[in-house]
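Note sheet for the following structure.
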Amino acid sequence: MAHFDTTTNAGQILAAASGGRRRRGDRIFSNAAVVAAVTILALLVGVAVFLVTEGFPALTASSSELPKGESFISYVAPLAFGTCLAGVLAMIIAVPLAIAVALFITHIAPARIAMTLGYLVDLLAAIPSIIYGLWGIFVLGPAAVPVMKWLEEKLGFLPIFEGPASITGRTMLVVGLVLAVMILPIVSAVAREVFSQTPRKLQEGAQALGATRWEMIRTTVLPFGKSSVISGAMLGLGRALGETMAVAIILSVSGGVTFNLISQANPSTIAANVALNFPESSGLAINALIATGLVLFAITLATNFIARMIIARSEVR
Amino acid sequence: MSSSRWLAVFAAACALVLGLAACGGGESSSTETGSKESSESAGGGAPSSEASGEIAGAGSTAQEAAQKAWIAEFEAANGGATIAYDGVGSGGGREKFIAGGVAYAGSDTPLSESEGQLAAAIKRCEPGELVEVPDYISPIAIIYNLPGVEELKLEPETLAKIFNQEIEKWNDPEIAKENPGVELPETRIVPVNRSDESGTTENFTDYLSKVAPKVWTHEVSGTWPVKGGEAASGTSGVVEAVTAGEGAIGYADASQAGELGKAKIKVGSSWAEPSAEAAAKVLDLSKEDPELEKGQKNVIAFEIDRKTEASGVYPIILVSSLIGCTKYKSASEAALVKAYFEYAISPEGQKLAAEQAGSAPLSAALTKKVEAAVAAIE
C-alpha cells in the first residue's frame, strides 16, 4: 500500500506544476510502471523461493541419502565447472566474432550488404535450440572429428587438446562452437546498436587528425561502445550458461572436471543434467536436481553482478 | 524519498510472492480433487457401456510406443473410453501413481522396498490391492560399428570388460579368441552409454553384474556408473553415436538398432542373438521375487534369470510392468482400467506392440498368470 502514497505525492507535485489532465495520465503511467517493476521482482523472488524450498531437502540430506551416494557439493561441483567451461568457451569464440560482425555492419560494409547481413545474423536468434542440437550431432560434430584428430596430433601437448580425440564429435569444443553461434546474434545486435550511435563528431574528429579507419574505430567506436558490449556479452553468457537442449543432445557427458576439450569424456552442465535426469528421477533425487538449479541461479546472478561492477568501473574512467 | 519508494516496491513484491505461493498451493490441491471428481462423474455418466470414461496413466518411455498403439486400438473399439498415457519416465510414473495423480503407471523396474515405494503403493490401493504385471518385454541389443566385421561374438565377461574400459582395442586377444577367422581392426574401442537415467541402463547393468560379478563391481542403477565413455541421450542418441563412430559399441532397444551389427552373446554353451522369442523365454525360466511381491497375490515381479544357460534364450532384456489397483473410487473407473489392462496383455495387444514397438510378446504360460492377476481388478 505504501507505494501508492508515494506515487500520489509525486503526482501531486507534478499536478501542481501542470494541469489536472496531465496529473491523471501521469498517475496511470506511474502506477503501470511500478506494477511492471514489482512483477519482475516478484517473479525473481518467487523463483528463488521455489528453488530454495524445493532444493533445501537435498542441501541438508546426508551424502548416503543422495543419489550416487556422494555429497551434494561433490555432485554439483563438476556440473558447475562444466557449465562455466561451456559458457566461457562460447564467449571466447562468440564475443570477438560478434564485435567484428557489428563493426563490419556499422562501419565497413556498404549499406545494402550491411542491412542484409544484419537480418541474417538476427535470423540466427530465431532458430530453436533443439535445431542447433540436431545440427551439432549430425553436421558439426562429424565434421569436427578430423579437425579434433589433427588438434590432438599437432597440439596434443596442450592440456585442452590432450585427447584421445572423440570419434563422434560430441565434445565440449563442439558444444562451445554451437553455443557461440547461438549467442552471436544477441551480442552482435547489442554491439551493432551502440556502434552505430558513436557520435559522428568523434569519428570525424579522429579522421581529421589523420587516423586510419582502424585507428578511428579503436579510439572512438570501441571505447564508446565498451560498456554496452560488455552487457551484451553478459546477456549472451546468460543464455550460454542456461542452454539446455542443445547441450543435452550433443555433449557426451561422462567425465568429471577436465579441461580436455576434444575427448569423449566431458563434464555435464547443470541445465543439461537436469534435462537428462529429471524424467526418471523421484523423491530426493528431484530435490537434488532443483538444488543444482539453485546453484545455476547463483552463478548467473554472480556473473551479472560482476558484469555490472565492470561496467560501473569502466564508466567512472 | 527514492529509498523509501524502493522499500515499498520490495515490500509489495514480497506480498505478491506470498500471494502467488498461497494461490499455487491452493490450486494444486484443488486440481487434484477436481480431476478425481471429473473422472468419477465421466465414468458415472455412461453406464451403458462397461468400458467408458476417462483414465490417465504415466510412466516408462520404453513402453510409450506400445501404450500409444494400445490406446488407439482400445479407444476405437470402445467409443466412450478415453485413455491418456504420459511418458514421464518410470520414476515419475511410479510417483504419480502413488500420489493418486494417475490411475495406472508403467515402470521399467518393479516397485521395490528400497525407496519405500512398494509399501506406499500398497497403501495407495487400500481398501483394494496392488496389481503389478509385466506387459512389455524388449530385448536389448549390443550394437557395434566395425566396417567389415559382419559377426561379432562376445562372452559376458568380455562384454563387461569392454564396457568397463578394461579392453581398449578391437584386436585384443580376448576378443579375437572368441572370433576365429574374423579380421578385427586395431581400432580403439569406444563404449557408448546412455547419458540420461534409463531403465535400459538399469537392466543392462543388472545383467553385467550378474554374469560377470568379478569384472562388473559397480552398483546396478539407471545412471551409467563408469566414467569416461561416450555418452548420448536417449536410445536414438546411442544408436546415432554408434552409427557415427567407427569402433563404437553400445546397448539399445533391439527394435531401434536398425542396420547396425548386433553382437552375439554367449549363453551357456551357445551364442544367442536378440530376438523376440529368445527374450520372452527368459521370463519363463525366471523365478518370481518374493521380496518384490511382498505377499501381494496380484503382483508378478521377476528376478530375471540373467545367468541362464539354456539354449535359445537371450537374457539381456528389459521388462516393463503395468501398475494399478484392484479397487478404484468408482466401479466404472476400475472397469476401464481392467478392460485396458486385459487388452494390453492379451495376445492381440502383445502382437500389436510387437509390430509397433518391436517388443517380445508374453509367452503363453506367463499370459495365463498375468491374466489371473488382472482379473482381480473389480
Checklist outcome for this item: The set of residues whose placed amide H lies less than 5 Å from the amide H of B:Val102, leaving out same-chain residues fewer than 5 positions away, is B:Phe97
Checklist entry - In whole angstrom, and with the biggest value first, how far do the Cα coordinates of segment A:41-315 range along each principal axis? => result 72, 50, 33
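Given +1 on the Cβ of Lys and Arg, -1 on the Cβ of Asp and Glu, and no further charges, what dipole in debye does chain B carry about its Cα centre, rounded to the nearest 20?
540 debye
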Item to check | Whole-Hz couplings from phi, Karplus 6.51/-1.76/1.60, listed for segment A:124-131; x for Gly and Pro | outcome: 4, 6, 8, 7, x, 5, 5, 5
Item to check | q = 0.10, 0.16, 0.19 Å⁻¹: log10 I(q)/I(0) that the Debye formula gives for segment B:191-295, counting C-alpha atoms only | outcome: -0.33, -0.84, -1.15
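How would you order B:159-170, A:104-115, A:165-176 from highest to lowest mean count of nearby Cβ atoms within 10 Å?
Numbers: B:159-170: 19.7, A:104-115: 14.0, A:165-176: 27.1.
Sorting B:159-170, A:104-115, A:165-176 by mean packing, highest first, produces A:165-176, B:159-170, A:104-115.
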Checklist entry - Hey, in the GNM for chain B with a 10 angstrom Cα cutoff, which one of B:Ala66, B:Ala77, B:Ala334 fluctuates hardest? => result B:Ala77
Checklist entry - Restricting the count to DSSP beta bridges whose residues both fall in segment B:161-294, what percent are antiparallel, rounded to a multiple of 5? => result 40 percent
Item to check | Accessible area buried at the B-A interface, both sides summed, 1.4 Å probe (Å², nearest 100) | outcome: 3200 Å²
Checklist entry - Using a 1.4 Å probe on the protein chains only, how many percent of the accessible area of segment A:41-315 belongs to carbon and sulfur? => result 71 percent
Checklist entry - Pairs B:Lys281/B:Lys351; B:Lys169/B:Lys266; A:Lys149/B:Lys210; B:Lys327/B:Lys351; B:Lys169/B:Lys262; A:Lys201/A:Lys226: which exceed 26 Å Cα-Cα? => result A:Lys149/B:Lys210; B:Lys327/B:Lys351
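Under the definition of Cα pairs under 8 Å and six or more residues apart, what whole-number percent is the relative contact order of segment A:124-235?
27 percent
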Next on the checklist: Between 0 and 90 degrees, rounded to the nearest ten: what's the tilt of helix B:347-357 against the longest Cα principal axis of chain B?
Outcome noted: 70 degrees
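Dipole of segment A:81-210, Cα-centred, from +1 at each Lys and Arg C-beta and -1 at each Asp and Glu C-beta, to the nearest 20 debye?
The calculated dipole for segment A:81-210 is roughly 220 debye.
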Next on the checklist: With +1 assigned to the C-beta of every Lys and Arg and -1 to the C-beta of every Asp and Glu, and no other charges, what is the dipole magnitude of segment A:41-315 about the Cα centre in debye, to the nearest 20?
Outcome noted: 840 debye
Item to check | Accessible area of segment A:153-290 divided out per residue, in Å², using a probe of 1.4 angstrom | outcome: 38 Å²
Next on the checklist: For the protein assembly as shown, I need the span (max minus min coordinate) of the C-alpha atoms along each principal axis, in Å, sorted largest to smallest.
Outcome noted: 91, 68, 49
Checklist entry - Looking at the protein assembly as shown, what % of its DSSP beta bridges pair antiparallel, to the nearest 5? => result 60 percent
Checklist entry - Between A:Val47 and B:Lys297, what is the label-to-label distance in nm when each label sits 7 Å out along the Cα-to-Cβ direction? => result 5.5 nm
Checklist entry - Separation between the B:Glu168 and A:Trp214 pseudo-spin-labels, each 7 Å from Cα along Cα→Cβ, expressed in nm? => result 4.6 nm
Checklist entry - Given N residues in segment A:26-137, what is Rg(Cα) / (2.2 N^0.38 Å)? => result 1.70
Checklist entry - Given R₀ = 22 Å, FRET efficiency for B:Glu273-B:Lys214 by Cβ-Cβ distance, to 0.05? => result 0.30
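Summing +1 for each Lys or Arg and -1 for each Asp or Glu, what net charge is found among the other residues whose Cβ lies under 15 Å from the Cβ of B:Ile345?
Details: positive: B:Lys338, B:Lys351, B:Lys368, B:Lys369; negative: B:Glu73, B:Glu132, B:Asp135, B:Glu342, B:Glu348, B:Glu371.
It works out to a net charge of -2.
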Item to check | Whole-Å distance, taken between Cα centres, linking segment B:214-231 and segment B:261-330 | outcome: 22 Å
Checklist entry - Taking the Cβ-Cβ separation of A:Met309 and B:Ser311 as r and a Förster radius of 60 Å, what is the calculated FRET efficiency to the nearest 0.05? => result 0.25
Checklist entry - Once you put a point 7 Å from the Cα of A:Ala33 and another 7 Å from the Cα of A:Glu204, both along the Cβ direction, what distance in nm separates them? => result 3.4 nm
Checklist entry - What FRET efficiency, computed as 1/(1 + (r/R0)^6) with R0 = 51 Å and r the Cβ-Cβ distance, is obtained for A:Gln197 and B:Ala372, rounded to the nearest 0.05? => result 0.05
Next on the checklist: With Kirkwood's inverse mean 1/r over C-alpha pairs for Rh, give me the Rg to Rh ratio of segment A:190-317, two decimals please.
Outcome noted: 1.18
Checklist entry - Which one of A:Ala42, A:Ile99, B:Leu362 has its Cα pushed farthest toward the positive end of the charge dipole of the protein assembly as shown, where Lys and Arg give +1 and Asp and Glu give -1 at the Cβ? => result A:Ile99
Checklist entry - Taking chain B as a Gaussian network, where each spring joins two C-alpha atoms under 10 Å apart, which residue of B:Gly358, B:Gly57, B:Gly100 fluctuates the most? => result B:Gly100
Checklist outcome for this item: Where a ≥ b ≥ c are root eigenvalues of the Cα gyration tensor, a/c under 1.5 meaning rounded, otherwise prolate if a/b exceeds b/c and oblate otherwise, segment A:88-187 counts as prolate
Checklist entry - Picking from B:Glu303, B:Glu115, B:Glu291, which is most flexible by a Gaussian network model of chain B using Cα springs under 10 Å? => result B:Glu115
Item to check | Inter-centroid distance (Cα atoms) of segment A:216-244 relative to segment A:253-301, Å | outcome: 27 Å
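Largest first and in whole Å, give the semi-axes of chain B's equivalent ellipsoid, each being the square root of 5 times a Cα gyration tensor eigenvalue.
Rounded to whole Å, the semi-axes are 41, 29, 18.
The values are calculated or read from the model by the stated rules, or taken from the named source; none is laboratory data. Note that this is a predicted model, so its numbers are computed, not measured. Note: ideal-geometry Cβ built from the backbone for every residue, glycine included; neighbour counts use all protein chains shown. Each accessible area value is taken on the protein alone, full model and side chains, heavy atoms only, with ligands, DNA and RNA left out. Shrake-Rupley method; radii C 1.70, N 1.55, O 1.52, S 1.80 Å.
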